[in-house]
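Have a look at the structure below, then the notes.
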Amino acid sequence: MNRYDLIILGSGPAGLTAGIYAGRAKVTTLILGAEPGGNPLKYEHIGNYPGFPQGVPGAQLMMSWVMQVDLLGVERVLQDVLRVSLTAPEKIAATAEEEYAARALIVATGSSPINMDVPGEREYRDRGIYYCAHCDAPVFQAMKKTRASVIGGGNSALHTALYVSRYADEVTVVYRGAQLRAEQSVQEAVKHNPKIRIQLNQEVAAVEGDERQVRAVRLQNRESGEKAVVETDGVFVGIGMKPNSEFLDGLLEMNEEGFIRVNARMETSVPGVFAAGDVIDKSLRQIVTAAGDGAIAADSAIKYIEGLAR
């Protein structure tokens, strides 16, 4: 079994940042992750990352982070973690092929959008179906798109609708329930926004388009069964995010949705185990906040390792 000072689970913004800090601190470090760069690799244009006033392609941004990690001599294995053991002082992380041990562990496995699971979603993902308003809404203005649809009725969806309304002329919120679930103040903001209209009791039946992009959303009324078509230039899925934390099997304290609870030092409920990025319980999930989390988690892990060495 290969042994390290630190193992980082996940190779997205939080994991790579943690790897940079660990590499610079000269602690032996392993990053486990099948997709170096994480979700931002799929973003054609990132407009809100500091230092890039004209925006930057996700692949360009994240590959520069991967290169920095490699130059620091941090070892990477292109496999995802399947299970862990956190009971002993030495933490164990296992992939499909190997087991690795370390004195400290950082969980930075991120989160994944909850899908609609309807025909057309897979075909038009990143060609008109979006899961990050902050990342993708500016595309509407840049590409002269005017009509947006937002799926969902909770805080995530309505905040998305409000944000998208800055860039689109028309925003249609589609929700399967009879009443919105968002906080009342958010609902009021949406209802008073002249660009936004709300369609309740509507189930998304399919997303349709041409060879280039989304053109319409097919709906079916859950009460009457009546069918309708909403023409649109893009669909923002605001159903929510799910943490990639199933492999932990309850070994760490989490909230009811499965996001890991941490303190200001990114310490979890288990000594020597830290967490960072979109997998933790926090209010804003963005590349820049994930990077900050990763830096703090690495600093805490390094201090923990140094304490064991004394």
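Any read-out appearing in this document is the output of simple, stated calculations on the displayed coordinates, not a laboratory observation. Keep in mind that what you see is a predicted model, and the values were worked out from it rather than measured. Note that each Cβ is placed from the backbone with ideal geometry, even for glycine, and that neighbours are counted across all protein chains shown.
Values as computed for the structure displayed
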| quantity | calculated |
| --- | --- |
| Calculated over the stretch 44-199: convex hull of Cα atoms, volume per residue (Å³) | 192 |
| Share, in percent, of DSSP beta bridges within the stretch 115-237 that are antiparallel, nearest 5 | 45 |
| Whole-Hz couplings from phi, Karplus 6.51/-1.76/1.60, listed for the stretch 117-130; x for Gly and Pro | 6, 10, x, x, 5, 5, 5, 10, 4, 6, 10, x, 10, 10 |
| Sequence of 204, 270, 279 once ranked by neighbouring C-beta atoms within 10 Å, starting from the fewest | 270, 204, 279 |
| Mean Cβ count within 10 Å, highest first, over the residues of peptides 107-114, 74-81 | 107-114, 74-81 |
| Tail beyond 26 Å, pair distance distribution of the chain (Cα, percent) | 50 |
| Relative contact order (%) - criterion: Cα under 8 Å, at least six apart; region: the stretch 115-237 | 31 |
| The chain, dipole about Cα centre (Lys/Arg Cβ +1, Asp/Glu Cβ -1), debye to the nearest 20 | 640 |
| Estimated [θ] at 222 nm from DSSP helical runs (n ≥ 4, -39500 (n - 2.57)) normalised by residues in the chain, nearest 500 | -7500 deg cm²/dmol |
| Net length gained if the chain between residue 35 and residue 181 were fully extended (0.36 nm per residue, minus Cα distance) | 49.1 nm |
| Computed label-point distance, nm, for sites residue 203 and residue 68 using a 7 Å Cα→Cβ extension | 4.7 |
| Share antiparallel - DSSP beta bridges, the stretch 1-107, percent rounded to 5 | 35 |
| Segment residue 87-residue 191, length gained on full extension (0.36 nm per residue, minus Cα span) | 32.4 nm |
| Length-normalised contact order for the chain - Cα pairs under 8 Å, 6+ apart - percent | 21 |
| Reference-scaled alpha-carbon Rg (2.2 N^0.38 Å with N residues) for the stretch 115-237 | 0.97 |
| Descending principal axes extents, the stretch 3-120, alpha-carbon based, whole Å | 45, 39, 20 |
| Cβ crowding within 10 Å averaged over residues, with 298-306, 58-66 ranked highest first | 298-306, 58-66 |
| Debye, to nearest 20: dipole size of the stretch 115-237, +1 on Lys, Arg Cβ, -1 on Asp, Glu Cβ | 180 |
| Separation of the residue 1 and residue 282 label points, Cα + 7 Å toward Cβ, nm | 3.0 |
| Ranked packing of 27-34, 94-101, most packed first, by mean Cβ within 10 Å | 27-34, 94-101 |
| Positive-end residue, the stretch 171-310 charge dipole about Cα centroid, Cβ charges, pick of 192, 276, 292 | 192 |
| Rounded to whole Hz, the Karplus (6.51, -1.76, 1.60) HN-Hα couplings of the stretch 143-149, x for glycine and proline | 9, 6, 8, 10, 10, 10, 10 |
